[in-house]
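First comes the structure, then the notes that go with it.
The values are calculated or read from the model by the stated rules, or taken from the named source; none is laboratory data. None of these values were measured; they are calculated from a predicted model. Cβ atoms come from the backbone with ideal geometry, glycine included; neighbour counts cover every protein chain shown. When the accessible area is computed, the model is the full protein with side chains, heavy atoms only, and any ligands, DNA or RNA have been set aside. Shrake-Rupley method; radii C 1.70, N 1.55, O 1.52, S 1.80 Å.
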Amino acid sequence: MAYDSEVRAFVIIEYKRTSKDSVVDQGTAYLNTLLQHKADFTLAYNEKLGARARVADFDWTQTRVVFIAGSYTNYQKDAIDNPNLPIELYEARKTENGYLTLLQIMNNSENSRFANKVSALSSQSKVISKAADVDQVSDLKPYTEEMFLDKATANICDLYDELKAAILLWDSEFEVKPTKVYIGLRIKHHNVVDLLPQKSQLKIWINLSKGELNDPNNLLRDVSSIGHWGNGDYEVIIKDDTQIEYILSLIKQAWEKYRH
């Protein structure tokens, strides 16, 4: 059992030596158990970390299962295309020098804005029917890019796509992680920049501490002393692409910090 402090949610990590189809159903059973015993897990969290958290302090909708195995069946790979099942799959590989590497299996439409609308229906029908037997899974609510973009104008959606596409070209290790309040672009488990598409503007937070960003045009606002959703102390709001190249140069400073 792990804890994702970014989204305030528990993560179940399961290592499997085999690739039986039943691991997907087992994952939903684990989720069901956790969600039926929220108070117990809250108590365990407090005892482990010496904290005083309450059940309401956690985002139970973001609970997920991470499976690690040497290989997966097509049935299991199809499961991650279903947005209603918060499951992540990692393939474990041991190199000749003894290192263990983990490669995440992405869904079939990971680079599409509307990835969660695309599904392998023939395979997922089995997953959905079995998951339906687990009542508590309905408590989960995986967040998607589409949930933000549906509320934005076409111009802001295009602006978001343009900015994201440019950033993803820098490094193949970038991961797009939507949360409850923003869409994070992160690398090596560090958010580089957080994006929030709104109806008529795009809000951007660069994950650098006050004093770390070289912004000669003084375009970004220092939010180190005020409340804000994104990571880092720098924020900017844009409504068109007139400053996008300059903003990308600023975001690249955060990428340079976290990519090593």
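Below, the figures for the structure above:
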| quantity | calculated |
| --- | --- |
| Cross-link pairs beyond the 26 Å C-alpha cut-off, checked among LYS94/LYS141; LYS38/LYS177; LYS38/LYS203; LYS16/LYS180; LYS199/LYS257 | LYS94/LYS141; LYS38/LYS203; LYS16/LYS180; LYS199/LYS257 |
| Spin-label pair MET106/SER249, simplified geometry with 7 Å Cα→Cβ offset, distance in nm | 2.8 nm |
| With all protein chains modelled, accessible area of HIS190 [1.4 Å, Å²] | 90 Å² |
| Å² of accessible area per residue within segment 158-212, as computed with a 1.4 Å probe and no ligands counted | 41 Å² |
| Gain in span if fully extended, GLU14 to ILE68, counting 0.36 nm per residue against the direct Cα distance | 18.8 nm |
| Apportionment of accessible area to carbon and sulfur, segment 141-260, percent (1.4 Å) | 47 percent |
| Those trypsin sites (Lys or Arg not before Pro) in segment 1-83 that DSSP places in a loop and that have at most 11 other beta carbons within 10 Å | ARG17, ARG52, ARG54 |
| Shape box of segment 44-97 [Cα atoms, principal axes, largest first, Å] | 42, 36, 12 |
| Separation between Cα centres of segment 206-253 and segment 50-72, rounded to whole Å | 30 Å |
| Cut-off 12 Å between beta-carbons: net charge of the residues surrounding SER224, Lys and Arg +1, Asp and Glu -1 | -2 |
| Net charge, ASP241 excluded, C-beta distance under 13 Å - Lys, Arg +1, Asp, Glu -1 | -3 |
